[in-house]
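Okay, so here's the structure we're looking at.
The values are calculated or read from the model by the stated rules, or taken from the named source; none is laboratory data. This structure is a prediction, so every number in the text was calculated from the model and none was measured. Cβ placement follows ideal geometry from the backbone for every residue including glycine, while neighbour counts extend to all protein chains displayed.
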Amino acid sequence: MSKFKKTILPHDDFYISMLTKDANNPYLLFIHGGPGFNCGVLEYLIEHDNLYSSLNYNVILYDQRGCGRSKRSSIPVTHRQNITDLNFLFSFLKHGENINLCGLIGHSYGAKLLFDFYGAFQICIPGIFLSTADSVLTPRLNNLMLDLAYLKKNNADAYQEAFSELNELAEMAPEKIWKLTEKLAPVFQQNKDRVYFYWSNLSFLKKTQEIQNMINLPISQDVFTSVRQELYSTEKNYSVAIHSLLIPYLWINGFHDYIMNGAVNALDKKIRLFFQSAHYPHIEEEKKFCDSVNKFMTTLKFGITNEGTFII
């Protein structure tokens, strides 16, 4: 039986799931990735598989606008709207529902969303960043390289066509990279091996695929497209400079996360690397994740700082 009790908070626009282990414990708000994904698989694992049983905190999950079980939007969803939504949800939970929120967790695109939330609003609450790079261009370019490598083997003509459009990256405007990656978007869907770049623990890969098939909450492709288009439309949107934040933060990446990691991140001592994880360290090494979060939050109580940031 799960250690967490699930309660759905009534709301007209958003699916909000409270997972409570101890009513006396504060809550962490989890911001899922994507864009266009949802919290369905993580919710199932917490509710049915005792994920985070050693976490000293309760968890709140939500599906972003137009995603999963949240209300569909009649107009294209934007990254800017997602930031506004996060601020609304933060205020709704903390002040409207009087919930003791002690930290925010952002995974992948959710980490970018969390970073920009801190930049837009004067909120001093600890942040936990999972599976991200310091620029949104990093995963975009890594995915482009994967697409090109896939085409070399499977469609030489398409590869030569894409290859002919490439110049020196230093001479390529980012919008040209964006257009090329959009042109290759069908390749992203065709490559069945791509999933192995996101997981290192094959048993968890199989389990999450089974859960996805069972709960049947597909990716919102329209949200995926509209939010990404905004993110890559201007250079000012690229940064995820977590080290520049003045709030206490913990940054965790999986060592096998080819999409987000590079040589720089692998050597960055301020990033906590999980060496048996890829893009989902909070699932693949959940005990280590719980221990890291518990220690991080305990460290905050004692006010241990390092040049304005809190690290472990």
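Beta carbons closer than 7 Å, at least 6 apart along the sequence or on distinct chains, pair a first residue in the range 47-69 that is within 18 Å of Lys21 (Cα to Cα) with a second that is assigned to a loop (DSSP other than H, G, I, E, B) and polar (S, T, N, Q) for Glu47/Ser2; His48/Ser2; Asn50/Ser2; Asn56/Asn25; Tyr57/Asn25; Asn58/Asn25.
Can you run down the residue pairs with Cβ atoms below 7 Å, 6 or more apart or on separate chains, where the first is in the range 140-159 and in the same structural domain as Trp178 (by TED's automatic domain parsing) and small (Gly, Ala, Ser) and the partner is surrounded by 14 or more Cβ atoms within 10 Å (Cβ to Cβ) and in a helix (DSSP H, G or I)? These pairs meet every condition: Ala158/Leu151.
In summary, helices (runs of 4 or more DSSP H) completely within the range 174-292 and bearing 3 or more residues that are at pLDDT below 90 and not aromatic (Phe, Trp, Tyr) occur at 174-183, 185-190, 221-231, 263-267.
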